[in-house]
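Visitor: First the structure, which I've put down as structure tokens, then a few questions once you've had a look.
The values are calculated or read from the model by the stated rules, or taken from the named source; none is laboratory data. The structure presented is a predicted model; accordingly, all values stated were derived computationally and were not measured. Here the Cβ positions follow ideal geometry from the backbone for every residue, glycine too, while neighbour counts run over all protein chains shown.
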Amino acid sequence: MSNNSHRRSGTRFRLRITLTVSVTLMLVVLGLVAFTIVAGRNISRDIHEQAGFVAILSEDASQQQADSLTRAISAAPYASKVEYVSADRVMERWRNMIGDNVSMPDINPFLPEIEVAVHEPWANADSLENITSSLSSSPLVSDVSLHTEMIDNVNTMMNAATTTLLVVGAVLLLISLALINNTVRLSVYSQRFVINTMKLVGATASFIRKPFVTDALIHGTIAGGLAALLLGGALWYLESVSPAVGAALPLCQAAWVLGGLWVSGIALCTIASLLATNKYLRLGYDDMFK
């Protein structure tokens with residue numbers, strides 16, 4: 001009798017460990033997908049905000065007029081970053097780009113420029129063309145340069161990548177829900193005769209349900225915490241190796257993802273336990289053997 005009791009206790013312990021580890025691994029996978037989606041979204045925003053246009057000033061534009069136009073563009077709602085570049089700086093950039101093997105002209109052929117980066121909502125071909133059309137009509141601007149084809153290619157690529165990640169995330173979420181549900185149901189299944197015995201002695205449904213739901217809540221809390229610790233530790237290590245990771249996935253957004261995983265672990269285990277317990281509460285003794 002004692003051996004049977006120890007054997008049952010060992011089985012329940014292994015089931016609890018299996019449940020916690022399984023939920024932890026599933027949450028880690030979901031967290032990786034969430035991190036990838038958030039990082040991709042941030043990278044896409046940064047690329048969009050770096051894409052803008054360059055307004056090349058006319059020869060007749062004075063320095064005062066150039067400064068005034070720069071301030072006017074900076075005050076526009078679409079402007080994320082505005083920088084005035086003198087003709088000498090443009091010449092220096094060109095010299096650095098082609099190297100010293102090419103003879104340089106005695107006269108600077110370049111004109112001053114105003115480089116404009118726009119906020120993400122305006123980082124598309126239609127919005128940029130509307131913005132630059134009004135600037136092109138200004139007598140202070142000789143030409144406006146923008147790369148609408150590059151912006152369209154970036155938008156297409158990022159939309160395809162985001163859609164793919166969302167589909168993968170949705171599939172993994174459904175698989176995780178099914179696996180967590182089956183694991184929790186297996187844990188409750190091992191206690192189905194205990195549930196039936198408690199029913200026979202007159203225990204209420206809420207009284208029977210409470211320890212199972214509490215147990216699942218504890219497992220979900222531990223699994224969610226472990227998943228958050230694993231992902232948080234991995235993120236910390238990656239940021240120490242490459243600062244670009246921190247730029248793509250800021251601490252605040254990472255904290256929201258990790259907090260969401262922790263809450264998800266608690267919620268999923270608790271709901272699965274509640275559903276499984278309710279199922280065995282409705283079954284009769286003969287149905288327990290099926």
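Residue-wise test of (1) in the same structural domain as residue 21 (by TED's automatic domain parsing); (2) farther than 20 Å from residue 275 by Cβ; (3) of a type in the set (Lys, Arg).
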site: 194; (1), (2), (3): yes, no, no
site: 202; (1), (2), (3): yes, yes, no
site: 205; (1), (2), (3): yes, no, no
site: 210; (1), (2), (3): yes, no, yes
site: 213; (1), (2), (3): yes, no, no
site: 218; (1), (2), (3): yes, no, no
site: 226; (1), (2), (3): yes, yes, no
site: 230; (1), (2), (3): yes, yes, no
site: 237; (1), (2), (3): yes, yes, no
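Visitor: Now for a different question. Taking the conditions exactly as written (out of contact with any Cys (no Cβ under 8 Å at 6 or more places or on another chain) and aliphatic (A, V, I, L, M)), does residue 223 satisfy them or not?
Guide: For residue 223, the condition - out of contact with any Cys (no Cβ under 8 Å at 6 or more places or on another chain) and aliphatic (A, V, I, L, M) - is not met.
Visitor: Restricting to the stretch 264-290, name every residue that is aliphatic (A, V, I, L, M), assigned to a helix (DSSP H, G or I) and modelled with pLDDT of 65 or more.
Guide: Passing the criteria: 266, 267, 268, 271, 272, 274, 275, 276, 281.
Visitor: Going through the stretch 180-205 one residue at a time, which ones are without any contact (Cβ under 8 Å) to a residue 12 or more places away in the chain and not in a helix (DSSP H, G or I)?
Guide: Matches in the stretch 180-205: 201, 202, 203, 204.
Visitor: Assuming residue 37 fulfils every condition listed in (1) within 30 Å of residue 126 (Cβ to Cβ); (2) at pLDDT 85 or above apart from one, which condition is it?
Guide: So the condition that residue 37 fails would be (2).
Visitor: Restricting attention to the stretch 215-238, which residues are within 18 Å of residue 184 (Cβ to Cβ), out of contact with any Gly (no Cβ under 7 Å at 6 or more places or on another chain) and among the small types (Gly, Ala, Ser)?
Guide: Correct list: 216, 225.
Visitor: Does residue 205 satisfy being at pLDDT 80 or above and more than 30 Å from residue 49 (Cα to Cα)?
Guide: Taking the combined requirement at face value, the residue does not satisfy it.
Visitor: Specify which of the listed residues (235, 217, 226, 173) is touching a Ser or Thr at 6+ places or on another chain (Cβ under 6 Å), closer than 30 Å to residue 42 by Cα and assigned to a helix (DSSP H, G or I).
Guide: 226
Visitor: Looking at the stretch 216-237, which of its residues are over 20 Å from residue 169 (Cβ atoms) and surrounded by fewer than 21 Cβ atoms within 10 Å (Cβ to Cβ)?
Guide: Listed by number, the residues that qualify are 217, 218, 221, 222, 225, 226, 229, 233, 236, 237.
Visitor: Among (1) touching a residue at least 12 places away in the same chain (Cβ under 8 Å); (2) in a helix (DSSP H, G or I), which single condition is residue 211 missing?
Guide: All conditions are met except number (1).
Visitor: Select, from 181, 153, 124, the only residue that is farther than 27 Å from residue 70 by Cα and surrounded by 14 or more Cβ atoms within 10 Å (Cβ to Cβ). First the steps, then the outcome.
Guide: On the way: 153 fails: surrounded by 14 or more Cβ atoms within 10 Å (Cβ to Cβ); 124 fails: farther than 27 Å from residue 70 by Cα.
Of the residues listed, the single one that is farther than 27 Å from residue 70 by Cα and surrounded by 14 or more Cβ atoms within 10 Å (Cβ to Cβ) is 181.
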